[in-house]
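Novice: Here's a structure for you.
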């Protein structure tokens, strides 16, 4: 991590990832054939209505087309560069397959230029290789995990994330996810051995409001500062309590601070072996 001298209030405590030490891309220019433009939604849907609040503006970004399906099987690939991607927290790697095709992938930790990997059922369980979950021994760390065979990576793709193979049983593999939840996934689903890169991302201190605005994050208004018509926590004279046992979103659903937000009859409940650990609020309530 890189820390700044406290030359101003914003600089005090500000930290950034040391990209020069982590990345190897030439002049930070992405591979042109795998880059396309993408317009920002500003948190609005196709009808122009705001569905995600406090988003908008920010620096213009180019989208890198990432390979999440890994449909080039049994063809060795070599890492040409490790690069920054503005649309995700983990680093990406530009890889060259032996047949001459180049693709971007989410890079694992400790992957360097010149490293090789293979997507194959016969591959060894070593860093960067991708193979079915049923072929991996218990205790293996994996990321970029499929939920349905051939549908592409869905789980553990952000910076520093990984899941641990716990056991194999009845055609399913039990994975301990980053949330501490233990879940069953079909053993024919594929995953990449290792952990997603840029593990220091969680230590970044944005430091000042201007930096957040460059990232496309707008100021967030507290629910208790709004009118009663706009938020369940709003209204009242002066600083009023929220008036509810549990905190809520603007739409009235439970939110954060240890509240259970999962739907009781969700389709995937039957795949959960062990629920994730509750937050501090729920733990204190049990006492």
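Nothing in this text is a laboratory measurement; each read-out follows from the coordinates by a stated rule. Remember, it's a predicted structure, so these values are computed and weren't measured experimentally. Quick reminder, even Gly has a Cβ in these numbers, built from the backbone with ideal geometry, and neighbours come from all protein chains shown.
Novice: For the chain, what is the mean residue ellipticity at 222 nm derived from helices alone (per DSSP H run of n ≥ 4: -39500 (n - 2.57); sum divided by total residues; nearest 500 deg cm²/dmol)?
Specialist: For the chain, the value works out to -1500 deg cm²/dmol.
Novice: Between residue 5 and residue 251, how high is the FRET efficiency from 1/(1 + (r/R0)^6) when r is the Cβ-Cβ distance and R₀ = 30 Å? Nearest 0.05.
Specialist: 0.10
Novice: Under a GNM of the chain (C-alpha, springs under 10 Å), which listed residue has the highest mean-square fluctuation: 34, 177, 94?
Specialist: Result: 34 has the largest fluctuation of those listed.
Novice: If I take every Cα pair under 8 Å that is 6 or more residues apart in the range 134-197, average their sequence separation and divide by the length, what percent do I get for the relative contact order?
Specialist: After rounding, I find 39 percent.
Novice: Also, quick follow-up: For residue 45 and residue 124, what does the FRET efficiency come to when R0 = 30 Å and r is the distance between their Cβ atoms, rounded to the nearest 0.05?
Specialist: About 0.10, to the nearest 0.05.
Novice: Run the quick spin-label model on residue 97 and residue 148: label points 7 Å from Cα toward the beta carbon, then report their separation in nm to one decimal.
Specialist: Distance between label points: 2.3 nm.
Novice: Next question. Order by neighbour count: 117, 141, fewest other Cβ atoms within 10 Å first, most last.
Specialist: In increasing order of surrounding Cβ atoms, one gets 141, 117.
Novice: Would you please calculate the Kirkwood hydrodynamic radius of the range 116-258 over all C-alpha pairs and express it in Å, rounded to one decimal?
Specialist: On the way: mean 1/r = 0.0541 Å⁻¹.
With all distinct Cα pairs of the range 116-258 included, I get 18.5 Å.
Novice: Going 7 Å from the Cα of residue 205 along its beta-carbon direction, which residues of the range 1-41 have the amide nitrogen within less than 15 Å of the resulting point?
Specialist: Zone members listed by number: 1-17.
Novice: Arrange 182, 273 by Cβ neighbour counts within 10 Å, fewest through most, would you? Working shown, then result.
Specialist: Working: 182 19, 273 15.
With the fewest neighbours first, 182, 273 line up as 273, 182.
Novice: Normalised by the number of residues in the range 18-200, what is the relative contact order in percent for Cα pairs under 8 Å and 6+ residues apart?
Specialist: 18
Novice: Taking the simple approach of a point 7 Å from Cα along Cα-to-Cβ for both residue 164 and residue 53, what is their distance in nm?
Specialist: 3.8
Novice: To continue, here is another question. Springs between alpha-carbon atoms under 10 Å, Gaussian network over the chain: tell me which of 95, 193, 113 tops the mean-square fluctuations.
Specialist: In the Gaussian network model the winner is 113.
Novice: Something else: Subtract the Cα-Cα distance of residue 69 and residue 113 from 0.36 nm times their separation in residues, and report this length gain in nm to one decimal.
Specialist: Full-extension gain reported as 13.6 nm.
Novice: Sticking with this structure for a sec: Based solely on C-alpha atoms, express the radius of gyration and the Dmax of the chain in angstrom.
Specialist: 22.0, 70
Novice: Continuing with this model, one more query. Using the alpha carbons of the range 41-171, what is the convex hull volume per residue in cubic angstrom, as a whole number?
Specialist: 154
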